[in-house]
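The block underneath contains the structure these notes are about, expressed in structure tokens.
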Amino acid sequence: MEILGASATDAELIAAVRRWVGLLAADDFEAAVRFLWQGEGAGSMAVSASSLREWLGRYEPAPPLSTARPARVTAPETAGGPFDPLEEVFRRDDGTVSSVDFSLPFNGEWSELVAFFDVVDVPGGQALKLRDIYIT
């Protein structure tokens with residue numbers, strides 16, 4: 001699992017999620033699963049590389065997005081398209097991080113499929129827990 005600093009900034013959290021998406025874009029689902037915290041409450045879609053691949057493989061972009069098949073996650077650095085990306089960090093009243101929401105790019109375009117992460121405390125810092133992925 002990737003450990004982030006206990007006082008990670010919003011930019012550092014978004015950069016971590018972008019690294020995770022980069023692993024998906026590189027078709028390294030095994031590393032993408034290892035990147036995440038896998039404790040209690042973690043979403044079932046990322047317990048294994050095959051479950052994560054299957055979960056994301058169900059997504060079917062509709063116009064105005066490219067409907068090229070198969071739909072696959074692509075690098076966020078080069079994504080474009082008709083949608084603006086959602087990259088949002090949520091903090092509690094005391095300033096600690098609670099969660100991160102991030103739209104996933106498919107076929108080179110930002111999609112309406114969003115990954116929802118909780119940020120959990122772990123020894124040495126914080127980690128990302130994939131809570132869910134769904135269309136917003």
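Computed from the coordinates by the stated procedures, all read-outs in this text should not be read as laboratory data. Because the structure is predicted, anything quoted here is derived from the model rather than measured. Cβ: placed from backbone, ideal geometry, glycine included. Neighbour counts: every protein chain shown.
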Going toward the positive end of the dipole of the chain, with +1 on Lys and Arg Cβ and -1 on Asp and Glu Cβ, which of 70, 46, 21 do you reach last?
-> 70
For the chain, max minus min Cα coordinate along each principal axis, in Å, sorted largest first?
-> 42, 29, 21
Post the alpha-carbon centroid distance, the stretch 22-42 to the stretch 1-19, in whole angstrom.
-> 14 Å
With +1 at each Lys and Arg Cβ and -1 at each Asp and Glu Cβ, the charge dipole magnitude of the chain around its Cα centre, to the nearest 20 debye, comes out at 360 debye
Tell me, what is the FRET efficiency for residue 31 and residue 92 to the nearest 0.05, using R0 = 25 angstrom and their Cβ-Cβ distance as r?
-> 0.25
Convert each backbone phi in the stretch 27-41 into a coupling constant with the Karplus relation 6.51 cos²θ - 1.76 cosθ + 1.60 (shift: θ = phi - 60°), then list the ³J(HN,Hα) values in order as whole Hz, x for Gly and Pro.
-> 6, 9, 5, 4, 5, 5, 5, 5, 4, 8, 6, 10, x, 4, x
